[in-house]
Amino acid sequence: MTTKLILVIVFIVCLVLMAYMKTNKKKKVVFLGDSITQLGLQANGYITQIQALIKQEDVEQKYQLLSAGVNGSTTLNLKERLQKNELQYSPDIAVVLIGLNDVWMQQETNSTIEQFEQDYTAIIQQLLQSNSAIVLCTLTVIGESTESPLNTTLNQYCDVIIRLAGLYNLPFIHLRQVFNNYLALNNAENMYSGILTTDGVHLNSVGNALVANEIWQKIKQFK
């Protein structure tokens with residue numbers, strides 16, 4: 001066998017091995033957010049529940065899930081974290097669920113919806129520069145009662161997220177609508193909390209299950 005033929009065979013084998021490794025590489029899914037995402041790693045958290053769905057469908061070898069949620073984070077905080085070191089995760093898919101604190105702590109932070117849109121846009125642009133696939137999520141609830149005043153503002157912030165998803169041609173999950181639909185059927189007493197949340201904001205096991213299912217259905221569409 002000539003040296004040239006040996007080199008050709010080695011080259012072909014290397015190509016096959018590289019293709020195999022690429023095919024079998026786990027997709028790194030990074031969840032970017034606030035305390036809801038930070039709590040997503042708890043026993044009933046939405047990230048833990050997504051992992052259970054992955055196991056149930058026997059595709060554990062395809063995905064690696066990582067949480068980058070920080071309690072109290074606003075869009076500004078997430079933007080600053082991304083600028084510093086969050087992209088060290090090098091996500092294949094970035095799931096963004098951020099903005100509740102922009103509304104919930106609006107009086108403390110003096111933030112505006114215009115600032116929210118600027119910071120959210122910066123987050124999208126940074127993720128695009130990292131070549132990550134991006135999934136945007138609208139916001140859930142601040143109080144499950146229809147009389148909770150901050151939900152009107154929350155709807156306006158969700159409209160911004162949907163508009164940016166259209167502008168950048170990104171997939172999005174309308175969690176706000178999913179939660180509203182569920183509460184319309186299951187909160188006849190119009191309670192502030194206890195249906196999908198523990199305190200009107202942070203999710204209970206049912207709320208986490210809703211988020212987990214919606215996100216998983218979107219994630220597994222990426223090939």
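Mean separation of Cα pairs under 8 Å and 6 or more residues apart, divided by the residue count, gives the chain a relative contact order of 20 percent. Using only the C-alpha atoms, the convex hull of region 139-223 corresponds to 85 Å³ per residue. Ignoring lysines fewer than eight residues from LYS79 along the same chain, the ones with Cα atoms less than 29 angstrom from its Cα are LYS25, LYS26, LYS27, LYS28, LYS62, LYS218, LYS220, LYS223.
Residues whose amide H falls under 5 Å from that of THR197, counting only those 5 or more places apart or on a different chain, are ASN204, with hydrogens built in the peptide plane.
Summing charges over all other residues whose Cβ lies under 13 Å from the Cβ of SER111, with Lys and Arg as +1 and Asp and Glu as -1, gives -4. Taking the convex hull of the alpha carbon positions in region 107-178 and averaging its projected area over all directions gives 5.3 nm². Accessible area of ASP159 (1.4 Å probe, protein heavy atoms only, ligands and nucleic acids ignored): about 90 Å². When the charge dipole of the chain is built from unit charges on Cβ atoms (+1 for Lys and Arg, -1 for Asp and Glu) and taken about the Cα centre, the candidate among ASN77, ILE134, GLY40 whose Cα reaches farthest toward its positive end is ILE134.
The charge dipole of the chain, taken about its Cα centre with unit charges on the Cβ of Lys, Arg, Asp and Glu (plus for the first two, minus for the last two), comes to roughly 1420 debye. Could you compute the net charge surrounding ARG163? Neighbours are other residues with a C-beta less than 15 Å from the C-beta of ARG163; K and R count +1, D and E count -1. So the surrounding residues net to -3. Compared with the dominant Cα axis of the chain, that is its longest principal axis, helix 205-219 is turned about 40°. With both residues required to sit in the chain, DSSP beta bridges show an antiparallel share near 5%. In terms of overall dimensions, the C-alpha atoms belonging to the chain reach 82, 37, 27 Å along their principal axes, ordered largest to smallest.
Between 0 and 90 degrees, the angle of helix 113-129 with respect to the longest Cα principal axis of the chain falls at about 10 degrees.
Mean projected area of the Cα convex hull of region 39-122, taken over all directions, amounts to 6.5 nm². Residues whose amide H lies under 5 Å from that of ILE134, counting only those 5 or more places away or on a different chain, are ALA94; hydrogens are built 1.01 Å from N in the peptide plane.
Apolar share of the accessible surface for the chain: 55 percent from carbon plus sulfur atoms, 1.4 Å probe. Note on exposure: SER132, SER90 ranked by accessible area (1.4 Å probe, complete protein assembly) read SER90, SER132, with the most exposed listed first. What's the longest piece of the chain with no exposed GluC sites (Glu not before Pro), counting a site as exposed if DSSP puts it in a loop and it has at most 13 other beta carbons within 10 Å? Counting at most 13 other Cβ atoms within 10 Å as exposed, the longest clean stretch of the chain is 58-146.
The values are calculated or read from the model by the stated rules, or taken from the named source; none is laboratory data. All values reported here derive from a predicted model rather than from experimental measurement. Don't worry about glycine lacking a Cβ; one is built from the backbone with ideal geometry, like all the others, and counts go over all protein chains shown. For accessibility, only protein heavy atoms count, side chains too; no ligands or nucleic acids. Shrake-Rupley method; radii C 1.70, N 1.55, O 1.52, S 1.80 Å.
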